[in-house]
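In what follows, a structure is listed as structure tokens, so that the remarks can point back to it.
The values are calculated or read from the model by the stated rules, or taken from the named source; none is laboratory data. What you see is a predicted model, and the numbers here were worked out from it, not measured in a lab. Note that we place each Cβ from the backbone using ideal geometry, even for glycine, and neighbour counts take in every protein chain shown. Quick note on the areas: whole protein, heavy atoms, side chains included, nothing else; ligands and nucleic acids left out. Shrake-Rupley method; radii C 1.70, N 1.55, O 1.52, S 1.80 Å.
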Amino acid sequence: MRRLLDARGRPALLWAGIAAIVLALVLLPFALAMIGTTWVRIANIAVLYVLLALGLNIVVGFAGLLDLGYIAFYAVGAYCYALLASPHFDIHLPFWVILPIGAALAAFFGVLLGAPTLKLRGDYLAIVTLGFGEIVRIFLNNLSQPVNITRGPQGIAQIDPFRLGPIDFSRTDTVLGLTVSGPMKYYWLLLAVLVVVIVVNVRLQDSRIGRAWEAVREDEIAARAMGINTTHVKLLAFAMGASFGGIAGGMFAAMQSFISPESFVLVESIMVVAMVVLGGMGNIWGVMLGAVLLSFVPEVLRWTVAPAQEALFGRQLIEPEVIRMLLFGLALVLVMLFRPAGLLPSQVRKRELDWREEPGALRA
Amino acid sequence: MTLLEARALEVHYGGIRAVRGIDLDVGEGELVCLIGANGAGKSSTLRAICGLVARSGRIRYAGEDIGATPAFELPRKGLVMVPEGRGIFPRLTVEENLAMGAYARTDPGIADDLERQYAMFPRLAERRRQTAGTLSGGEQQMLAIARALMARPRLLLLDEPSMGLAPMLVAKIFDIVREIARQGVTILLVEQNARLALEIAHRGYVMESGAIALSGEARALLADPRVREAYLGEGAG
């Protein structure tokens with residue numbers, strides 16, 4: 001498969017391939033809209049998850065720091081947008097002003113989480129980050145008194161949609177006879193943001209910082225002996241990962257026009273971790289694949305499980321929701337059994353799992 | 001000229017005093033060894049010099065007080081350590097490990113130095129695309145030393161390079177250490193294998209329960225009956 005995908009030495013083919021993929025992705029919402037606008041929304045959520053998975057991949061995949069509270073940064077970004085662009089405080093800033101603020105605020109929270117956990121690793125770090133995620137959610141739930149900031153469990157409604165000049169992202173327009181709905185516009189916007197995020201990620205991985213993350217992940221003491229400021233490097237991983245989460249959160253708030261703490265529960269964090277692990281920790285493309293699969297498959301199952309039961313047994317034997325989670329869990333177990341390093345493992349992860357099986361790998 | 005000078009160096013782990021106010025000097029161009037039994041405080045001394053553990057006392061390197069310098073700054077000053085247990089990056093290739101050694105450098109000579117390491121360690125050249133975790137113990141030790149050399153050390157600190165190696169490999173590693181010293185790198189060697197360490201060193205320090213028990217010319221220490229009895233397995237019986 002690798003040989004098939006190897007387009008080195010054939011740049012024309014590579015570019016043609018990229019162009020075809022981009023074109024397919026750009027035209028995708030038209031196809032999805034034919035099945036129903038719901039599917040465009042599902043695609044949008046999938047892209048948001050891809051953004052989240054890419055952000056978490058920096059922390060987990062590159063720097064090797066397990067973060068089970070990642071959704072907190074998504075929440076920070078979402079609430080930042082909601083508070084600065086809604087009738088709640090009657091502030092209505094444009095989105096390109098809020099998104100950087102949301103990213104910066106999320107990065108700040110990333111450092112806030114990173115600083116006290118610098119000496120922790122593995123399980124201990126996971127527990128603390130899990131707690132952090134819950135703390136943020138509980139704060140959002142309770143910051144309605146004495147000063148009403150977040151409106152608590154009621155959430156914030158009527159959040160401003162994105163506006164680009166005269167284009168309102170919440171309305172349906174007709175361009176050249178084509179119906180362009182709000183979710184479709186958001187899809188393209190998300191796609192554009194995604195491209196930027198991918199470029200940043202690829203550049204990061206090959207940079208000096210990327211190498212420093214690699215060293216910290218492998219052996220922290222040795223990394224320090226190599227002259228790497230491990231404190232800075234780890235905090236940077238937390239901050240950068242968080243800022244991507246913050247951006248995704250801001251877009252989520254604008255797209256949904258309503259957010260509440262319920263969207264930022266622990267299961268969401270676990271889901272993003274599952275996407276990263278399933279797709280292939282440390283591999284940008286693998287992580288994206290994991291995110292797309294894990295956000296689409298449950299939806300597909302949602303729409304097929306009930307009709308399938310009707311057709312097979314004539315009635316609903318098992319609640320569709322139960323079956324959905326069952327199949328979902330089964331799929332995860334199977335992937336971990338047959339592709340333990342993820343669907344598209346990073347080179348480094350693959351090596352780790354390979355060398356244990358090499359006959360010459362016995363330690364002298 | 002003294003390159004490294006430690007005075008009244010102390011290391012505490014909670015209530016335990018691992019290093020009890022020792023004085024230690026390493027002159028420019030010297031190969032000095034620090035020997036002693038397990039738990040004598042040798043590795044703690046080394047870690048204290050590198051800023052990897054909290055310490056008190058005075059440490060001067062190249063005329064500069066490094067008592068408060070964080071560990072990651074030291075390679076830039078030419079003080080490089082090979083950590084205990086080698087500390088290689090197991091999932092990276094040999095070449096990637098070596099490149100990581102030059103992380104603190106920005107000069108253009110890195111590629112040349114890489115070839116220099118391969119010339120010195122042909123085993124590593126053969127295995128440059130192999131992951132470091134698949135190397136044998138001796139090869140991993142060579143890689144750890146070569147990686148440290150990639151940082152162009154002025155003072156190289158070696159923490160028990162013979163640990164867990166077969167006698168033949170130990171001899172080979174010591175040949176390498178001697179060769180590095182001959183090339184002009186100052187070395188402080190922490191070692192449990194007292195005989196081999198004293199045979200290649202100029203001077204030696206013997207550590208016992210956190211303090212320096214003996215010190216002097218390596219040759220004199222090798223002949224010292226106290227050393228022979230306690231560390232070379234000879235004597236009264």
Stokes-Einstein at 4 °C, 1.567 mPa s, Kirkwood radius from Cα pairs: D for the stretch B:99-206 in µm² s⁻¹? 89
Restricting to bridges with both residues inside chain B, how much of the DSSP beta-bridge set is antiparallel, in percent to the nearest 5? 55
20 °C / 1.002 mPa s Stokes-Einstein diffusion coefficient of chain B, Kirkwood radius on C-alpha pairs, µm²/s: 118
Cleavage-rule hits (GluC sites (Glu not before Pro)) in the stretch B:26-91: DSSP loop, at most 16 neighbouring Cβ within 10 angstrom: B:GLU28
Mean-square fluctuation maximum in Gaussian network of chain B, Cα pairs under 10 Å, restricted to B:THR131, B:THR106, B:THR45, hits B:THR106
With x for Gly and Pro, the residue-by-residue ³J(HN,Hα) of the stretch B:177-186, computed from phi through the Karplus equation 6.51 cos²θ - 1.76 cosθ + 1.60 at θ = phi - 60° and given in whole Hz, is 4, 4, 5, 5, 4, 5, 6, x, 8, 6
Cα-based Rg (one decimal) and Dmax (whole number) for the stretch B:130-177, in Å? 10.9, 30
Under 37 °C and 0.692 mPa s, how fast does the stretch A:74-166 diffuse according to Stokes-Einstein, given a Kirkwood radius computed over C-alpha pairs? Answer in µm²/s, whole number. 223
Report the Cα centroid-to-centroid distance between the stretch B:7-53 and the stretch B:210-232 in angstrom, as an integer. 17
Please identify every one of the trypsin sites (Lys or Arg not before Pro) in the stretch A:90-158 that sits in a loop by DSSP and has no more than 15 other beta carbons within 10 Å of its own beta carbon. A:LYS119, A:ARG121
Dividing the mean separation of Cα pairs under 8 Å (6+ apart) by the residue count of chain A yields a relative contact order in percent of 27
Just to be sure I understand the curve: with the Debye formula and one point per C-alpha of the stretch A:218-313, what is log10 I(q)/I(0) at q = 0.20, 0.25 Å⁻¹? -1.17, -1.28
More than 14 angstrom apart: percent of Cα pairs within the stretch B:34-87: 54
Of every hundred units of 1.4 Å-probe accessible area on the stretch B:1-139, the number belonging to carbon and sulfur atoms, as a percent, is 48
From the phi of every residue in the stretch A:58-74, what ³J(HN,Hα) in whole Hz does the Karplus formula 6.51 cos²θ - 1.76 cosθ + 1.60 yield, where θ is phi - 60° and glycine or proline is x? 4, 6, 7, x, 7, 8, x, 10, 6, 10, 9, x, 4, 4, 4, 6, 4
Among A:ILE159, A:ILE138, A:ILE21, which one shows the biggest mean-square fluctuation in a GNM of chain A, springs joining Cα atoms closer than 10 Å? A:ILE21
At what distance in angstrom do the alpha carbon centres of the stretch A:13-38 and the stretch A:48-111 lie from each other? 27
Only helices counted: for chain A, with every DSSP H run of 4 or more residues adding -39500 (n - 2.57) and the sum spread over all residues, [θ] at 222 nm is -22500 deg cm²/dmol
Explain nothing, just compute: Karplus ³J(HN,Hα) = 6.51 cos²θ - 1.76 cosθ + 1.60, θ = phi - 60°, for every residue of the stretch A:99-107 in order, whole Hz, x for Gly and Pro. 4, x, 4, x, 5, 5, 5, 5, 4
Going by amide H atoms built from the backbone, whose H comes under 5 Å of the H on B:ALA151, apart from near neighbours? none
Convex hull over the Cα atoms of the stretch A:128-171, averaged projected area in nm²? 5.0
I'd like the antiparallel share, as a percent to the nearest 5, of DSSP beta bridges with both residues in the protein assembly as shown. 65
Between A:LEU343 and residues 5 or more places away or on another chain, the pairs with built amide H atoms under 5 Å apart involve A:GLY279, A:GLY280
Of the convex hull drawn through the C-alpha atoms of the stretch A:12-54, the volume per residue in Å³ is 65
Rounded to the nearest 100 Å², the accessible area buried between B and A, both sides, probe 1.4 Å, is 2600
To one decimal place, what Kirkwood hydrodynamic radius in Å is obtained for the stretch A:113-226 from all pairs of distinct Cα atoms? 19.1
Spin-label point model (7 Å from Cα, Cβ direction): what's the A:ALA104 to A:THR37 distance in nm? 3.6
Hey, in the GNM for chain B with a 10 angstrom Cα cutoff, which one of B:SER215, B:SER44, B:SER162 fluctuates hardest? B:SER215
Dimensions (Å) - the stretch B:1-130, Cα atoms, principal axes, largest first: 46, 31, 24
For the stretch A:1-139, radius of gyration divided by Kirkwood radius, i.e. Rg to Rh on alpha-carbons: 1.08
Percent breakdown of C-alpha pair distances by 10 Å bin, ordered from the shortest bin, for the stretch B:58-101: 23, 43, 25, 9
Tell me which residues come under 5 Å, amide H to amide H, from B:GLU208 once H is placed; ignore anything under 5 positions away on its chain. B:ALA213
Given q = 0.14, 0.34 Å⁻¹, what are the Debye log10 I(q)/I(0) values for the stretch B:21-65, with equal point scatterers placed on the Cα positions and solvent ignored? -0.37, -1.38
Counting only protein heavy atoms and using a 1.4 Å probe, what share of the accessible area of the stretch A:45-132 belongs to carbon plus sulfur, as a whole percent? 77
Can you tell me the alpha carbon radius of gyration of the protein assembly as shown divided by the globular rule-of-thumb value 2.2 N^0.38 Å? 1.18
Complex-versus-alone comparison for the stretch A:221-241, residues with a loss of 10 Å² or more in accessible area, probe 1.4 Å: A:ILE221, A:ALA222, A:ARG224, A:ALA225, A:MET226, A:GLY227, A:ILE228, A:ASN229
Residues of chain A: accessible area per residue at 1.4 Å, in Å²? 50
